[in-house]
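Read the structure below first, then the notes.
We did not get these values from a lab; they are worked out from the coordinates using the rules stated. Given the structure is predicted, the values throughout are model-derived calculations rather than measurements. All Cβ positions, even for glycine, are placed from backbone atoms using ideal geometry, and neighbour counts span all protein chains on display.
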Amino acid sequence: MSVQLDIADLKTWLPHQGPLVIAGPCSAETEEQLFETCLKLKEVGVHALRAGIWKPRTRPGSFEGHGAKALPWVQAVKKATGLPFCIEVATPQHIELALKHEVDVLWIGARTTVNPFNVQDIADALRGVDVPVMIKNPVNPDLKLWLGAIERLHGAGIRKMAVIHRGFSTYEESKYRNPPMWQIPIELKRLLPNMPLICDPSHIAGRRDLLLRIVQKALDLNYEGMMIEVHRNPKEAWSDAEQQITPYSLRELLQRLELRHPNI
Ligand code: PEP
Ligand code: MN
């Protein structure tokens with residue numbers, strides 16, 4: 001199987017030196033929480049910010065995001081930091097609202113990539129729109145489903161794309177929340193050598209103590225960088241409290257990586 005896609009250079013739409021670092025809270029909880037976390041991340045020197053506005057929770061009853069109400073917070077944070085902002089979208093309506101509020105980069109979540117109808121609706125909504133899109137792997141270990149989502153967006157004219165490796169769900173005992181199954185993104189990169197590959201160690205690990213070695217491994221495999229969850233006070237986070245780190249810990253993590261990757 002071979003796939004021929006025309007993909008823009010990542011640095012043309014997310015400028016960075018060394019590995020790309022996208023960081024921010026799992027969820028935008030309050031305007032104050034988003035501001036405090038993102039201002040600290042600016043000091044750490046990250047290249048782009050992230051936050052969940054619409055949260056696709058596996059089961060109901062947990063925090064599902066503020067939705068449109070949080071988009072003006074994103075706009076204000078962008079203005080205060082001057083950094084590009086990335087959010088997850090899952091429907092054409094999310095896309096319309098995100099673009100209206102100057103979101104710079106969209107991403108498709110793991111629970112959306114699994115559904116070709118859903119991905120096609122998103123692709124159709126993006127036809128003729130010049131916005132970068134990052135595509136997370138599907139929750140299940142299915143390379144073709146991941147490729148299919150990439151092809152649907154490419155078919156709609158999207159050229160500024162990257163893929164995010166966030167691990168795959170399993171029913172087996174594992175130290176990971178979503179085992180990385182590195183062979184899958186490696187195979188994707190073999191099929192699409194010019195596709196930027198970004199690691200999401202937070203959703204792979206599900207716990208803080210594994211983050212460094214996952215990012216290390218990703219960089220050793222020539223990933224372009226990481227999207228990592230950072231919260232001003234991780235223990236109090238409304239979602240994914242176990243895997244988030246403070247801006248200070250992110251700085252430490254990046255310094256440790258530097259020892260192995262002196263060009264960072
Ligand atoms: C997220 O990045 O906040 C998220 C919900 O991730 P995933 O789609 O990988 O589960
Ligand atoms: Mn999360």
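A convex hull fitted to the Cα coordinates of region 123-258 yields 130 cubic angstrom per residue. In region 19-260, one over the average inverse separation of all distinct C-alpha pairs is 17.8 Å, which is the Kirkwood hydrodynamic radius. Restriction of the GluC sites (Glu not before Pro) in region 123-207 to DSSP coil positions whose beta-carbon has at most 15 other beta-carbons within 10 angstrom yields 172, 173. Give, as a single signed number, the net charge of other residues whose beta carbon lies under 12 Å from the beta carbon of residue 67, with Lys and Arg counted +1 and Asp and Glu -1. So the surrounding residues net to 0. Loop-located trypsin sites (Lys or Arg not before Pro) in region 93-171 (DSSP state not H, G, I, E or B) with no more than 11 neighbouring Cβ atoms inside 10 Å: 127.
Among 13, 179, 117, pick out the residue whose Cα is farthest towards the positive end of the charge dipole of the chain, where Lys and Arg carry +1 and Asp and Glu carry -1 on C-beta, about the Cα centre. Working it through, the farthest residue towards the positive pole turns out to be 179. Taking the Cα atoms of region 109-203, the ratio Rg/Rh between the radius of gyration and the Kirkwood radius comes to 0.97.
Note on residue 175: lysines with a C-alpha under 23 Å away, same-chain residues under 8 apart excluded, are 136, 217, 235. Between the DSSP loop rule and a limit of at most 14 other Cβ atoms within 10 Å, which trypsin sites (Lys or Arg not before Pro) in region 176-260 are left? In loop regions of region 176-260 (DSSP not H, G, I, E or B), the sparsely surrounded trypsin sites (Lys or Arg not before Pro) are 207. How much net charge surrounds residue 117 when only other residues with a Cβ under 11 Å from its Cβ are counted (Lys, Arg +1; Asp, Glu -1)? Charge balance near residue 117 sits at -1. Only aspartates and glutamates eight or more places from residue 160 in sequence, or on another chain, were considered; those with a Cα closer than 20 Å are 6, 9, 88, 96, 102, 104, 121, 124, 130, 151, 200, 224.
Pairwise Cα distances in region 142-192 exceed 18 Å for 38 percent of all pairs. Partners of residue 78 within straight-line reach, counting lysines whose Cα lies under 17 Å from its Cα and excluding those fewer than 8 residues away in the same chain: 40, 42, 69, 100. Listing 139, 230, 129 from fewest to most neighbouring C-beta atoms within 10 Å gives 129, 139, 230.
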